[in-house]
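All remarks here apply to the structure that follows.
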């Protein structure tokens, strides 16, 4: 079992997919942790919407993964979404919120409803982000993509 700062470490892999933007979309997430006996546990999550965007699905995957955790954890999020990673790690989302959900270019921030769900989860857990290139052979990212695409197909 990996413990960071007294917290169980969980890996969260996530991806979103959308056929058209907007269009039918899906998201997939994999949660993984190792128990004290050294056994690896995984849980797959997925969902979708009839009329959505890729960025909404990327955010939804991370939100669902974090929500599924039953206690405070150290979470390593691995995603191919520069939108999600950069918005958090570069602090953009915190600026948007501070300005009343307005971006620095004075345009309204998008997906405010989802950011408002994600931000408290980021406070609850100790979250780090790792960006990986999509469709480049990362095994868990490819699995999440398959989950997301399968969900999006339900709405076509």
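No value in this document is a laboratory result; all are computed from the given coordinates. Only a predicted model underlies this, so the values are computations on that prediction, with no experimental measurement involved. Note: ideal-geometry Cβ built from the backbone for every residue, glycine included; neighbour counts use all protein chains shown.
Taking neighbour counts of Cβ atoms within 10 Å as a proxy for exposure, in what order, fewest first, do 70, 43, 107 appear?
Ranked by crowding around the Cβ, least crowded first: 70, 107, 43.
For residue 89 and residue 3, what is the calculated FRET efficiency with R₀ set at 30 Å and r taken between the beta-carbons, to the nearest 0.05?
Approximately 0.80, to the nearest 0.05.
For the pair residue 71 and residue 21, what calculated FRET efficiency results from E = 1/(1 + (r/R0)^6), where r is the Cβ-Cβ distance and R0 = 41 Å, to the nearest 0.05?
Using R0 = 41 Å, I get an efficiency of 0.70.
Per the Kirkwood definition applied to all pairs of different Cα atoms, how many angstroms is the hydrodynamic radius of the chain? Provide the component values of the computation, followed by the final result.
Values: mean 1/r = 0.0631 Å⁻¹.
Its Kirkwood hydrodynamic radius stands at 15.9 Å.
Identify which of 52, 79, 34 has the largest mean-square fluctuation in a Gaussian network model of the chain, with springs joining Cα atoms closer than 10 Å.
34
At 1.567 mPa s and 4 °C, plugging the Kirkwood radius over alpha-carbon pairs of segment 1-46 into Stokes-Einstein gives what diffusion coefficient in µm²/s?
Approximately 105 µm²/s, per Stokes-Einstein.
Hey, in the GNM for the chain with a 10 angstrom Cα cutoff, which one of 64, 74, 109 fluctuates hardest?
Of 64, 74, 109, the most mobile in the Gaussian network model is 109.
Sketch the reach of a paramagnetic label on residue 34 as a point 7 Å from Cα along Cα-to-Cβ, and name the residues of segment 1-21 whose backbone nitrogen lies under 18 Å away.
1-13
Quick one: work out the % antiparallel among DSSP beta bridges in the chain, nearest 5.
So the antiparallel bridges amount to about 65 percent of the total.
Given only helices, namely DSSP H runs of n ≥ 4 each adding -39500 (n - 2.57), what is the per-residue ellipticity at 222 nm of the chain, to the nearest 500 deg cm²/dmol?
So the calculated ellipticity at 222 nm is -11000 deg cm²/dmol.
Work the Kirkwood hydrodynamic radius out for segment 74-154: mean of 1/r over every pair of different alpha-carbon atoms, inverted, in Å.
One decimal place: 14.2 Å for the Kirkwood radius.
Above 17 Å lies some portion of the pair distances; for segment 1-86, what is it as a whole percent of all C-alpha pairs?
In whole percent, the long-distance tail amounts to 48.
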